[in-house]
Amino acid sequence: QVQLVESGGGLVQAGGSLRLDCAASETTFSRYYMAWFRQAPGKEREFVARLSWSAEVTYTYYEESVKGRFTISRDNAKNTMYLQMNSLKPADTAVYYCAAANVPGTKADQYDYWGQGTQVTVSS
């Protein structure tokens, strides 16, 4: 069974930083494409970043508004994916979810497994 557990959300002032963690089982980490999504109140769930890898090479892809501010990464030894968020803006306020899929993509309906979400609130 695929289990994804996010942590690390919280309240931060604009310009600050947070790191989100997504802990997964070893099977999940090695078999699936992994991504971060977010959902603000009254809005649809939107893609933030994803990663995939082949051999020792990791590939990353970001939504335009977070490029240069957010970094997605992984630690295979800990079966954990991270989202380092810097220069946070009030517009980044949302519930952040990690997700896993059998195929790479940027649409929420392409992902089969989801964590419970973690709240990120950025104050102005």
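The values are calculated or read from the model by the stated rules, or taken from the named source; none is laboratory data. Keep in mind the model is a prediction, meaning the values are calculated, not measured. Every residue, glycine among them, receives a Cβ derived from its backbone with ideal geometry; neighbour counts consider all protein chains shown. Each accessible area value is taken on the protein alone, full model and side chains, heavy atoms only, with ligands, DNA and RNA left out. Shrake-Rupley method; radii C 1.70, N 1.55, O 1.52, S 1.80 Å.
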- prompt: Simple spin-label model, 7 Å along Cα-to-Cβ: Tyr59 to Ala91 in nm?
  reply: 2.8 nm
statement: Computed over the range 29-93, protein heavy atoms only, probe 1.4 angstrom, the accessible area per residue in square angstrom equals 55 Å²
query: Rounded to a whole number, what % of the accessible area of the chain do carbon and sulfur atoms account for, probe 1.4 Å?
result: 45 percent
- request: Only helical DSSP H runs with n ≥ 4 go in: add -39500 (n - 2.57) per run for the chain, normalise by residue count and round the 222 nm mean residue ellipticity to 500 deg cm²/dmol.
  value: -1000 deg cm²/dmol
Cα-based equivalent ellipsoid of the chain: semi-axis lengths in Å, sorted from largest, via gyration tensor: 23, 15, 14
